[in-house]
Amino acid sequence: KGVKEWLWNISGEGFCLFHAGDTRSRQELEFLLGKSFEGVLISDDFSVYNGYPATAQQKCLAHLLRHFKQVEKLKMPKQEELAQDFLALLTEAFTNHRIYRETGDRSLYDQWVLDFRARLQQAMDTWRPHSGYAAGLLLKSLRDKSHQWWYFLDHPEVPPDNNLAERSIRLGVTKRKVSGGSRSMTGFSHTASLLT
């Protein structure tokens, strides 16, 4: 009946919590996690998470990858080359994090991190003057929120993406496509409880 519903998902090792919300506001986040969170909050770059008091945050590099793929399609000068440089860096970050998870070799990982940081900074310095509007916003976010985009470099036990939550929420998305959604917030709340 034209009422928007938002299915929130909090996932971690061994659990998956769904919450039926009628907003995408900070109020919902605080209802789920409290006014602050003593842990690492892994999320996409949605504005609600910005400034939320958690011990640390890791923003999802998979979302960043998608944003740079959009920049790559732009017809403005130099945007394709800019995007390709950052796409290569992001792909390399995923690859090296996966290698660390498979081998557990922290010294090799730390050597790579040292080199990667230098090349990342060089790419930022090189491309900032040539970035269009969309790429400029991404580079500004990478600069201003670097402690959130690259937290996993110093803490490789933390994944560089929020794929755990993305995979979990697919359950709710599939149910919505099959059933057409809920007819009331009460029904939606019951769905969230059943999915949890």
inquiry  = I want to make sure I understand the PRE zone here: with the label point 7 angstrom from the Cα of T91 toward its beta carbon, which residues in region 57-81 have backbone N atoms less than 18 Å away?
reply    = 61-74, 79-81
remark   = Scalar couplings 3J(HN,Hα) for region 51-64 by Karplus 6.51 cos²θ - 1.76 cosθ + 1.60 (θ = phi - 60°), nearest whole Hz, x for Gly and Pro, are x, 5, x, 10, 4, 7, 10, 10, 7, 6, 5, 5, 5, 4
inquiry  = Give the aspartates and glutamates reachable from K69 as a straight Cα distance under 18 Å; neighbours fewer than 8 places away on the same chain don't count.
reply    = D44, D45, E80, E81, D85, E92, D161
inquiry  = For K177, give me every one of the aspartates and glutamates with a C-alpha distance below 17 angstrom, ignoring sequence neighbours fewer than eight places off in its own chain.
reply    = E5, E166
query = In region 33-50, which residues have a backbone nitrogen under 15 Å from the label point lying 7 Å from S25's Cα in the Cα-to-Cβ direction?
reply = 48-49
key: Cβ-Cβ FRET estimate between V48 and T186, R0 fixed at 22 Å, reported to 0.05   = 0.35
Among beta bridges that DSSP assigns inside the chain, antiparallel share in %, nearest 5 = 60 percent
request  = Determine ³J(HN,Hα), in whole Hz, for all residues of region 119-127 in sequence, where each value follows from phi through the Karplus function 6.51 cos²θ - 1.76 cosθ + 1.60 and θ = phi - 60°; x replaces Gly and Pro.
outcome  = 5, 5, 5, 4, 5, 4, 5, 5, 8
task = Can you tell me the FRET efficiency between R143 and V173 if r is taken as the Cβ-Cβ distance and R0 is 30 Å, rounded to the nearest 0.05?
result = 0.35
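Rule-based calculations on the coordinates, nothing more; no lab input. Computed from a predicted structure; not experimentally measured. Note that each Cβ is placed from the backbone with ideal geometry, even for glycine, and that neighbours are counted across all protein chains shown.
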